[in-house]
Amino acid sequence: MHDAHTAGRTHPEPGHRYRGPFQRDRDRITHSSAFRRLAFKTQVFTGERGDYHRTRLTHTLEVASIARTMARALRINEDLVEAMALMHDLGHPPFGHAGEDVLDECLAAAGGFSHNQQGLRIVELLEKRYPEFPGLNLSRELLDGQQHRAHKHEPHQPSPLLEAQVVDLADGIAYTAHDADDALNMGLLQLEELEESTLWSTATQRVRQRYGWLDREQLARAVVHQVLDTLVSSAIETTREQVQRYAPGSPADVQQLPPLASLPQPLAGELRELSGLLFRRVYRHPNVLAKRATAGEALREIVAVLVPRADELPAPYDTIRMTEGPLRAVGDFVAALTDRAALDFQRQIRGVRPPRPALHE
Ligand code: MG
């Protein structure tokens with residue numbers, strides 16, 4: 001996708017003197033309040049066991065870093081890839097997927113909740129940064145990319161732009177590698193358990209060949225780097241081969257083709273095997289499940305207290321209440337909370353009688 005071929009913005013704006021359209025999109029995203037709040041939102045682990053682990057923000061930055069490397073090597077639009085990567089998790093509620101599941105359940109009567117859909121609401125409606133329009137007025141290509149994320153599990157979807165495909169692949173690579181790293185650091189998982197996965201054990205052999213003996217800490221770091229390097233390099237090579245094979249002449253051609261950004265076959269299966277192992281041993285670890293339960297309880301309590309009082313919500317949620325109903329307004333408000341703001345809110349609810357928590361943005 002060339003900058004010059006962008007379909008433009010919902011509210012037309014003149015071009016910028018120094019920045020291309022997707023550079024501007026990237027800057028609008030990094031200056032948004034939803035982006036800053038990612039610093040205090042859970043990726044997988046909450047902060048009770050030290051501060052080594054990834055947050056939703058640092059996960060996002062790792063995805064952007066991998067996706068940019070791939071974009072530059074593939075000579076696709078690096079600015080667009082970076083903007084898409086920085087935007088991809090903007091709609092995450094507090095407490096990661098646990099928070100998302102609870103909100104989806106609480107908002108069932110209003111059509112449910114999904115973080116990908118929420119990302120679109122944020123950039124099109126909820127951010128208030130410009131006097132001329134609601135949201136960030138991003139380029140059409142970013143909105144379409146996010147729209148695709150929201151519907152990617154539905155059948156008969158056209159392929160998104162190659163730039164969006166690369167971000168999606170980088171997301172899967174990034175979280176598998178860093179969740180393994182975080183889980184090791186927290187002692188939720190042992191190196192020996194990870195070696196049950198082919199991807200991990202192959203990387204371990206390579207590291208041992210190169211460095212000989214390493215202590216467990218050094219070995220863990222080196223294997224994470226090796227896993228990342230193998231995945232990213234192979235993804236670049238395979239994607240390049242696919243592009244050469246199908247030779248799309250335009251972004252529109254890409255949408256008619258099967259996804260071009262991909263891992264080679266044995267490796268794609270090995271990545272699935274490793275993420276399956278993480279799913280069973282880490283995402284379903286009793287400590288992680290206990291945190292999920294606590295988080296869910298907090299969000300349920302907050303929603304229950306706010307729904308009958310939705311007319312007290314601050315702007316822009318009050319406008320949402322009038323146009324889309326109290327449940328959606330409460331969903332938007334709660335989704336914007338950081339983990340600690342949600343826990344503070346819950347404490348206020350429990351401590352004040354009758355409950356009158358301060359509503360703030
Ligand atoms: Mg992500």
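Values in this text are rule-based calculations from the coordinates and carry no lab data. In this text, all values refer to a predicted model and were calculated from it rather than measured experimentally. Cβ atoms come from the backbone with ideal geometry, glycine included; neighbour counts cover every protein chain shown.
Some values worked out for this structure:
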| read-out | value |
| --- | --- |
| Unit charges at the beta carbon, dipole of region 194-235: most positive-side option, 234, 220, 198 | 234 |
| Burial ordering of 317, 211, fewest other beta-carbon atoms within 10 Å first | 211, 317 |
| Cβ-based exposure ranking for 45, 35, in which fewest neighbours within 10 Å come first | 35, 45 |
| For region 45-96: rounded, prolate or oblate by the Cα gyration tensor [a/c cutoff 1.5] | oblate |
| Sequence-distant aspartates and glutamates (8 or more away, or on other chains) whose Cα lies within less than 20 Å of residue 128 | 13, 25, 27, 89, 311, 312, 318, 324, 332, 361 |
| Largest-first principal axis extents, alpha carbons of the chain, Å | 65, 50, 38 |
| Shape call, region 155-304: gyration tensor on alpha carbons, a/c limit 1.5 | oblate |
| Likely footprinting exposure, 305, 334, 223, fewest C-beta neighbours within 10 Å first | 305, 334, 223 |
| Inter-label distance for residue 344 and residue 129, nm, one decimal - labels placed 7 Å from Cα along Cα-to-Cβ | 2.2 |
| Under 19 Å from the Cα of residue 291 - lysines, other chains or at least 8 residues apart | 41 |
| Expected-Rg normalisation [2.2 N^0.38 Å, Cα atoms] applied to region 278-346 | 1.33 |
| Solution diffusion estimate, µm²/s, Stokes-Einstein, region 202-289, Kirkwood Rh from C-alpha pairs, 25 °C, viscosity 0.890 mPa s | 157 |
| Alpha-carbon Debye profile of region 6-100, log10 I(q)/I(0) at 0.14, 0.17, 0.25 Å⁻¹ | -0.60, -0.81, -1.25 |
| Fraction of alpha-carbon pairs over 19 Å apart in region 47-196 - percent | 61 |
| Segment residue 196-residue 5, length gained on full extension (0.36 nm per residue, minus Cα span) | 64.0 nm |
| Value of relative contact order over region 181-299, rounded to a whole percent, pairs C-alpha under 8 Å and six or more apart | 31 |
| 24 Å tail of the calculated P(r), region 226-361, as % of Cα pairs | 59 |
| Full-stretch length increase - residue 253, residue 18 - with 0.36 nm per residue and alpha-carbon distance subtracted | 81.6 nm |
